[in-house]
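The values are calculated or read from the model by the stated rules, or taken from the named source; none is laboratory data. Everything quoted here is computed from the prediction, not taken from an experiment. Ideal geometry is used to build each Cβ from the backbone, glycine not excepted, and the neighbour counts take in all protein chains shown. When the accessible area is computed, the model is the full protein with side chains, heavy atoms only, and any ligands, DNA or RNA have been set aside. Shrake-Rupley method; radii C 1.70, N 1.55, O 1.52, S 1.80 Å.
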Amino acid sequence: MNKLKCLFLSGLMAVMPVCMSGQQTPGEKSSKPRVIITCDPELDDLNSLIRFLLFSTDFRVEGLIYASSQFHWKGDGHGTKWYVPGREYSRNGIDYGPMESWRWDPDERFIDDAVEAYEKVYPNLKVHDPSYPTPEYLKSKVRIGNIEFDGDISKDTPGSELIKAVLLDDCTDPVFINAWGGGSTIARALKSIQDIYEHTDAWKGIREKIIGKVVLSLSGDQDDTYARYIRPFWPELRQMEMGG
């Protein structure tokens with residue numbers, strides 16, 4: 001945790017002039033984009049999350065969701081094993097066979113840690129820009145997504161339900177959904193909507209609304225859910241390239 005605090009405070013020092021120059025003047029209409037972040041416990045995702053929180057004045061944060069990928073998945077805690085050929089545990093001359101989890105700390109809470117570090121510096125942040133979201137607001141947006149297995153979209157999770165609720169709400173503004181890890185939580189939200197509405201009279205309008213709202217920003221296809229589900233069933237969804 002001390003290392004995380006140091007990273008956060010170092011980031012604060014680096015971006016403070018930008019944050020200060022980006023303040024919104026009184027009476028200026030907000031046009032902040034709606035953003036959902038899904039990320040796995042890889043270090044680059046933690047670094048990106050710290051940076052995102054420091055720039056959270058520029059967004060409407062709709063979700064901060066724990067996600068899995070081929071590189072990190074938790075398992076279900078019941079000894080169930082999972083295996084996908086060609087993953088880290090079955091390439092380059094090694095094959096560990098089916099695994100109960102892969103590179104996931106049993107006590108993983110990196111999103112909560114980052115938000116709690118944000119909470120400690122929030123009094124200073126809001127001095128420079130009062131539009132920083134409150135720690136309580138950010139905490140209300142943290143959810144666990146589809147983290148049990150690599151690419152598993154077989155059931156709803158709190159994270160997929162949050163995404164689903166945002167996609168079905170009455171706000172027509174675009175929703176920029178980031179997959180810094182795998183896309184399984186996003187795919188599950190879309191599949192749940194499809195399962196519920198596909199054979200109803202409402203389906204055409206709901207599908208058109210979602211296609212009009214969603215902008216995907218994917219860091220590759222780290223669990224194959226884009227190739228297996230999102231692209232075949234939602235080919236019209238817009239994508240935004242994720243910068244390096």
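Assuming R0 = 22 Å, can you tell me the calculated FRET efficiency for the pair Asp224 and Lys81, based on Cβ-Cβ distance, to the nearest 0.05?
Numbers: r = 18 Å, r/R0 = 0.84.
It comes out at approximately 0.75.
In nm, to one decimal, how far is the Val215 label point from the Thr134 one, both placed 7 Å along Cα→Cβ?
2.9 nm
Give me, ordered by chain and number, the residues 5 or more places off Arg34 or on other chains with an amide H under 5 Å from its own placed amide H.
Those lying under 5 Å, H to H, from Arg34 are Arg60, Phe176.
How much accessible area per residue does the chain have, in Å², with a 1.4 Å probe?
On the way: 12000 Å² over 244 residues.
For the chain, the solvent-accessible area averages 49 Å² per residue.
Need the C-alpha centroid separation for the range 67-95 versus the range 31-62, integer Å.
A separation of 26 Å, based on Cα centres.
To the nearest 20 debye, what charge dipole does the chain have about its Cα centre, counting +1 at the Cβ of each Lys and Arg and -1 at the Cβ of each Asp and Glu? Write out the running numbers ahead of the final one.
Working: 29 positive and 37 negative charges, 96 e Å.
Dipole about the Cα centre, nearest 20: 460 debye.
Please compute the length gained on full extension between Phe55 and Glu88, using 0.36 nm multiplied by the number of residues separating them and subtracting their Cα-Cα distance.
Details: separation 33, 0.36 × 33 = 11.88 nm, distance 3.35 nm.
Separation in residues times 0.36 nm, less the Cα-Cα distance, equals 8.5 nm.
Considering only DSSP states other than H, G, I, E and B, which trypsin sites (Lys or Arg not before Pro) in the range 153-244 qualify as loop sites with at most 16 other Cβ atoms within 10 Å? Let's see the in-between values first.
Numbers: sites: Lys155, Lys164, Arg188, Lys191, Lys204, Arg207, Lys209, Lys213, Arg228, Arg238; in loops: Lys155.
Of the trypsin sites (Lys or Arg not before Pro), the ones in loops of the range 153-244 whose Cβ has at most 16 other Cβ atoms within 10 Å are Lys155.
Work from the charge dipole of the chain (Cβ charges, +1 for Lys and Arg, -1 for Asp and Glu, about the Cα centre) and give the residue of Ile36, Gly79, Leu125 farthest towards its positive end.
Leu125
Kirkwood-based Rg over Rh for the chain (C-alpha set), two decimals? Let's see the in-between values first.
Details: Rg = 18.8 Å, Rh = 19.0 Å.
Reported Rg/Rh, Kirkwood definition of Rh: 0.99.
Phe176: net charge of surrounding residues, Cβ under 13 Å, Lys/Arg +1, Asp/Glu -1, itself excluded?
Working: positive: Lys32, Arg34, Arg60, Lys213, Arg238; negative: Asp58, Glu62, Asp173, Glu241.
My count for the surroundings of Phe176 gives +1.
Please work out how much length the chain gains when fully extended from Lys155 to Glu241, using 0.36 nm per residue of separation minus the C-alpha to C-alpha distance, in nm with one decimal.
On the way: separation 86, 0.36 × 86 = 30.96 nm, distance 2.82 nm.
Separation in residues times 0.36 nm, less the Cα-Cα distance, equals 28.1 nm.
Quick one: which residues, 5 or more positions from Arg238 or on another chain, have an amide H under 5 Å from its amide H? H modelled 1.01 Å from N in the peptide plane, none for Pro or chain starts.
Counting only residues 5 or more places away or on other chains, the set is Leu216.
Suppose only helical runs count, i.e. DSSP H with n ≥ 4. What mean residue ellipticity at 222 nm does that imply for the chain under -39500 (n - 2.57) per run, divided by all residues and rounded to the nearest 500 deg cm²/dmol?
-12000 deg cm²/dmol
Through the Karplus equation 6.51 cos²θ - 1.76 cosθ + 1.60, θ set to phi - 60°, convert the phi angles of the range 35-50 into ³J(HN,Hα) values in whole Hz; use x for Gly and Pro.
The phi angles translate into 10, 10, 10, 10, 8, 9, x, 4, 4, 5, 5, 4, 4, 5, 5, 4 Hz.
Summarise the accessible area of the range 172-244 (1.4 Å probe, protein heavy atoms) by the percent that is carbon and sulfur. Write down the numbers at each step before the final one.
Numbers: 1830 of 3480 Å².
Carbon with sulfur: 53 percent of the solvent-accessible area.
What FRET efficiency, computed as 1/(1 + (r/R0)^6) with R0 = 41 Å and r the Cβ-Cβ distance, is obtained for Thr172 and Val127, rounded to the nearest 0.05? Provide the component values of the computation, followed by the final result.
Details: r = 35 Å, r/R0 = 0.84.
Once the sixth-power term is evaluated, E becomes 0.75.
What are the aspartates and glutamates whose alpha-carbon lies under 13 Å from the alpha-carbon of Lys120, with same-chain residues fewer than 8 places away excluded?
By straight Cα distance, Lys120 reaches Asp112, Glu136.
Taking the chain as a Gaussian network, where each spring joins two C-alpha atoms under 10 Å apart, which residue of Ser217, Ser101, Ser90 fluctuates the most?
In this elastic network of the chain, the residue with the biggest mean-square fluctuation among Ser217, Ser101, Ser90 is Ser90.
For the range 124-184, what are the per-bin percents of Cα-Cα distances with bins 5 Å wide, up to the bin holding the maximum?
Binned Cα distances yield the sequence 4, 14, 19, 20, 18, 13, 9, 3, 1, 0.
Please list, ordered by chain and number, the residues whose modelled amide H lies under 5 Å from the amide H of Asp223; skip anything fewer than 5 residues away on the same chain.
Gln70, Gly183
Under 11 Å from a point placed 7 Å out from the Cα of Ala165 along the Cα-to-Cβ direction: which residues of the range 125-149 have their backbone N that close?
The answer is 140-143.
So what is the diffusion coefficient of the range 129-228 in µm² per second by Stokes-Einstein at 37 °C and 0.692 mPa s, using a Kirkwood Rh over Cα pairs?
On the way: Rh = 14.6 Å.
So the translational diffusion coefficient is about 226 µm²/s.
Could you give the length gained on full extension between Ser31 and His199, defined as 0.36 nm per residue of separation minus the Cα-Cα distance, in nm? Provide the component values of the computation, followed by the final result.
Working: separation 168, 0.36 × 168 = 60.48 nm, distance 3.56 nm.
Fully extending the segment from Ser31 to His199 adds 56.9 nm.
Sort Ile111, Ile211 from largest to smallest accessible area, using a 1.4 Å probe on the heavy atoms of the protein chains. Provide the component values of the computation, followed by the final result.
Numbers: Ile111 0, Ile211 40 Å².
Sorted by accessible area, descending: Ile211, Ile111.
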